[in-house]
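Report on one structure; see the data block that follows.
Since every read-out is calculated from the coordinates, none of them should be taken as a lab result. Quantities reported herein were computed from a predicted structural model and do not represent experimental measurements. Note that we place each Cβ from the backbone using ideal geometry, even for glycine, and neighbour counts take in every protein chain shown.
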Amino acid sequence: MSLRSTVDFLLHDWLQVSSLNQRERFADHSRDTFDAVLDTCERIARDKFAPFNRTVDTEEPQFDGEKVVLPQATYDAREAYAASGMLSAAQDYDIGGMQLPYTVESAANAFFACASVSIGAGMLTVGNANLLMAHGTDLQKQVFALKEFAGDWAGTMCLSEPQAGSSLSDIATRAMPDGDGFETDALGPRYRLKGNKMWISTGDHELTENIVHLVLAKIPGPDGKTIAGVKGISLFVVPKKLVDAQGALTGERNDVALAGLNHKCGWRGTVNTLLNFGEGKYPVRGAGLDGKGAGAIGYLVGKPGEGLRCMFHMMNEARIGVGMAATMLGLAGYYASLDYAKNRPQGRPMTTAGKDAASPQARIIEHADVKRMLLAQKSYGEGALALELYCARLVDEQHTGDAESANQARLLLEVLTPIAKSWPSEWCLEANSLAIQIHGGYGYTRDYPVEQYWRDNRLNMIHEGTHGIQALDLLGRKVLMEEGKGLWLLADRINVTVQKALNADNAHEHLARTEHAHALAQALQRVGRATKMAWSSGVPNEALANAVPYMQAFGHTVLAWMWLEVALASEGEGAANAGRRAAAQFFFHYELPKIGAWLNVVESRDMTCAQLSEDAF
């Protein structure tokens with residue numbers, strides 16, 4: 001079964017995405033327009049991305065002393081993607097958008113992630129522009145965001161620093177009011193930034209004529225001191241090349257310098273940089289911080305001290321995007337290992353009389369253990385894709401539904417975002433490991449693509465909030481926020497599916513559906529109990545000591561829900577529906593039982609790890 005047939009099933013047979021066309025924003029669309037978008041993206045991904053996935057892995061970005069050098073394939077792929085209009089797919093008509101549902105946009109972008117996640121598409125640029133549309137001034141939207149949506153400029157997010165990493169409260173980048181015209185620049189209050197930012201994807205390149213950096217920094221008070229913690233963080237838009245109020249390049253380079261390229265395990269085709277802001281390499285107009293023009297010019301976005309709140313608009317988008325990237329890498333490995341298993345002869349089937357050495361070799365897909373590994377990959381990858389598209393559907397509901405539906409979608413997204421990011425990052429990575437295993441020794445060579453898929457996927461448990469950070473966010477914030485409303489709402493949605501399965505009238509499948517429904521209901525009760533017991537002592541260190549096992553169990557419960565939903569939509573005949581039902585059964589029989597071990601340590605508030613002294617290591 002192809003990726004396209006899976007996407008079509010999830011969009012139309014399950015999510016009924018065409019029903020969105022009854023809403024005013026999407027009234028011009030139909031199944032035909034959605035299919036045309038998917039056709040275009042599938043074609044571009046097949047022609048401009050997939051053939052060069054290995055090329056960009058072996059020909060890493062290089063810095064020649066003046067500019068970053070990339071393979072021609074990267075330029076061609078980005079040009080084709082920008083020309084498709086996908087950078088502004090969900091935007092309003094009046095700014096050049098297509099007003100596509102985000103669900104369709106997300107599904108269309110899946111083809112690029114599957115073809116070559118390392119070449120990339122437009123996740124950061126779109127996220128950057130969306131943030132500016134939400135929090136920027138009218139002129140910031142006009143000058144920066146619209147240029148990004150048009151594909152003329154690219155965008156980044158600059159959060160981490162060499163000494164701080166994920167601890168954003170400890171960032172050292174400073175922003176000082178620019179004495180030359182401060183509060184008078186049309187693009188917003190103007191500051192001079194000085195500091196270093198690390199792990200900046202697409203931080204420098206020649207793919208576009210300009211790069212728009214969104215930078216977190218702290219503004220010192222009159223005493224020269226900054227506010228401690230994240231409350232002192234502000235957000236600034238810092239272009240690589242300076243522009244005027246009409247969005248035209250002034251011809252002057254901003255004081256943003258490439259300090260080095262990071263050479264990574266995977267995602268090698270994506271430029272990743274250390275950037276120095278305000279070191280004086282490119283002094284710009286005005287006195288600057290040192291009287292000689294040093295200090296990168298940046299324009300305040302939003303209000304002082306609200307930078308992290310604004311940045312979360314982009315970070316949450318990026319987290320769901322990371323989940324989709326992990327998902328598609330998992331599926332890419334699955335498709336590769338499925339093809340290999342169908343064609344690789346090795347061994348002979350075991351019969352009641354043992355093996356017949358004189359009989360022809362069997363293809364390895366005929367062996368039960370290979371089927372187990374394939375079914376595991378299918379359950380991880382297609383289940384994760386269902387989750388990502390379900391979250392995308394919630395985004396559409398939040399933006400276009402009635403007030404009550406929009407609020408429910410918001411609450412569900414709050415709870416599900418850590419899972420949408422973390423679960424595919426962990427389990428689709430495991431899928432890639434199984435894909436290597438199916439290839440045997442060949443999988444451990446560069447003759448086949450599965451080792452690259454694993455290397456590319458290993459990043460996804462790290463960037464945009466590590467696995468541990470997602471777990472702390474889930475158990476420490478999301479399930480507790482607004483007195484647990486999001487968690488209760490999620491439980492209600494799951495229970496609706498359970499009842500639907502119990503009431504299903506298909507006699508052939510009723511027994512399995514009943515079994516799965518009861519298992520899901522029990523898992524949900526166990527997660528609810530574990531949530532209460534984790535916090536029963538009221539001591540955060542005890543509650544959060546096993547946040548990752550909690551998130552693993554929570555995620556498996558959510559994915560079991562997804563699979564029961566998908567199974568209920570797969571009642572018809574045919575191999576595709578049989579495969580989906582088998583994947584659902586696999587997940588309930590092989591995966592969901594794992595939550596017991598995870599939740600045991602959560603419920604007992606086991607402190608084995610937290611209390612061990614470092615000397616004991």
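Over the range 399-548, what is the mean sequence separation of C-alpha contacts under 8 Å (at least six apart), divided by residue count, expressed as relative contact order in percent?
Relative contact order, the range 399-548: 23 percent.
With a ≥ b ≥ c taken as the square roots of the eigenvalues of the C-alpha gyration tensor of the range 154-305, please select rounded if a/c is under 1.5 and otherwise prolate if a/b is larger than b/c or oblate if it is not? Kindly include the intermediate steps, with their values, before the conclusion.
Working: a/c = 1.74, a/b = 1.15, b/c = 1.52.
Oblate is the answer for the range 154-305, as a/c is 1.5 or above yet b/c matches or exceeds a/b.
Report relative contact order for the range 313-465 in percent, whole number only (criteria: Cα-Cα under 8 Å, sequence separation at least 6).
On the way: 212 pairs, mean separation 56.6, N = 153.
Relative contact order, the range 313-465: 37 percent.
Provide the percentage of antiparallel DSSP beta bridges, counting only those with both residues in the range 89-228; round to the nearest 5.
Values: 4 of 11 bridges.
Beta bridges within the range 89-228, antiparallel portion: roughly 35 percent.
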Practice item. Please get the size of the charge dipole for the chain, origin at its Cα centre, with Cβ charges of +1 on Lys and Arg and -1 on Asp and Glu, quoted in debye to the nearest 20. Key: 1040
**Study point:** Whole-angstrom gap from the range 211-263 to the range 340-371, using each part's C-alpha centre
**Key:** 61
Exercise for review: Check cross-link reach from LYS485 to the lysines: straight Cα distance under 20 Å, and skip same-chain residues fewer than eight apart.
Suggested key: LYS532
Point to revise | Computed [θ] at 222 nm, deg cm²/dmol, the chain (DSSP H ≥ 4; -39,500 (n - 2.57); rounded to nearest 500) | key: -15500 deg cm²/dmol
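With a ≥ b ≥ c taken as the square roots of the eigenvalues of the C-alpha gyration tensor of the range 157-227, please select rounded if a/c is under 1.5 and otherwise prolate if a/b is larger than b/c or oblate if it is not?
Values: a/c = 2.98, a/b = 1.13, b/c = 2.64.
Note, shape of the range 157-227 comes out oblate.
Explain nothing, just the number: relative contact order of the chain, from Cα pairs under 8 Å at least 6 residues apart, as a whole percent. Intermediate values should be presented prior to the final figure.
On the way: 1103 pairs, mean separation 70.0, N = 617.
In percent, rounded to a whole number, it is 11.
First select every other residue whose beta carbon is under 15 angstrom from the beta carbon of TRP423; then total the charges, Lys and Arg +1, Asp and Glu -1.
Working: positive: ARG319, LYS421, LYS478, LYS594; negative: GLU382, GLU388, GLU426, GLU430, GLU464, ASP473, GLU591.
Taking every Cβ under 15 Å from that of TRP423, the sum is -3.
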Point to revise | Descending principal axes extents, the range 477-617, alpha-carbon based, whole Å | key: 60, 36, 19
Check your understanding: Based on the alpha-carbon gyration tensor of the chain, what equivalent-ellipsoid semi-axes (square roots of 5 times the eigenvalues) come out, in whole Å, largest first?
Key -> 42, 28, 25
Revision key, fill the gap. For the chain, the longest principal axis of the Cα atoms and the Cα long axis of helix 547-568 enclose an angle in degrees, to the nearest 10, of 60
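Of the cross-linked pairs LYS147/LYS197; LYS48/LYS197; LYS67/LYS197; LYS197/LYS478; LYS194/LYS225; LYS48/LYS141, which ones have a Cα-Cα span greater than 26 Å in the structure shown? It would help to have the intermediate numbers written out before the result.
Values: LYS147/LYS197 24 Å; LYS48/LYS197 31 Å; LYS67/LYS197 18 Å; LYS197/LYS478 28 Å; LYS194/LYS225 15 Å; LYS48/LYS141 30 Å.
Beyond 26 Å between Cα atoms: LYS48/LYS197; LYS197/LYS478; LYS48/LYS141.
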Check your understanding: Roughly how many whole Å is it from the C-alpha centroid of the range 446-474 to that of the range 577-614?
Key -> 19
Point to revise | For the range 481-505 and the range 1-56, distance of Cα centres in Å | key: 29
Check your understanding: Which of the peptides 429-440, 583-594 is most tightly packed, and how do the rest follow, judged by the mean count of other Cβ atoms within 10 Å per residue?
Key -> 429-440, 583-594
**Study point:** Net +/- balance of residues flanking VAL68 in space, Cβ distance below 12 Å, scoring K and R +1, D and E -1
**Key:** -3
Review point. Tell me, in nm to one decimal, what length is gained between ARG23 and GLU209 on full extension, where the rule is 0.36 nm per residue of separation less the Cα-Cα distance?
Key: 63.2 nm
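Could you tell me which GluC sites (Glu not before Pro) in the range 38-97 are loop residues by DSSP with no more than 16 other beta carbons within 10 angstrom of their beta carbon? Mind dumping the intermediate values first?
Numbers: sites: GLU42, GLU59, GLU66, GLU79; in loops: GLU59, GLU66.
Passing both the DSSP loop test and the Cβ count: GLU66.
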Point to revise | Partners for LYS378 among lysines (Cα-Cα distance below 22 Å; same-chain residues under 8 apart left out) | key: LYS342, LYS421, LYS594
Practice item. Would you mind computing, in nm to one decimal, how far apart the modelled labels at ASP223 and MET350 are, each placed 7 Å from Cα along Cα→Cβ? Key: 7.5
Exercise for review: May I ask for the net charge around ASN196, where only other residues with Cβ less than 10 Å from the Cβ of ASN196 are counted and Lys, Arg are +1 while Asp, Glu are -1?
Suggested key: 0
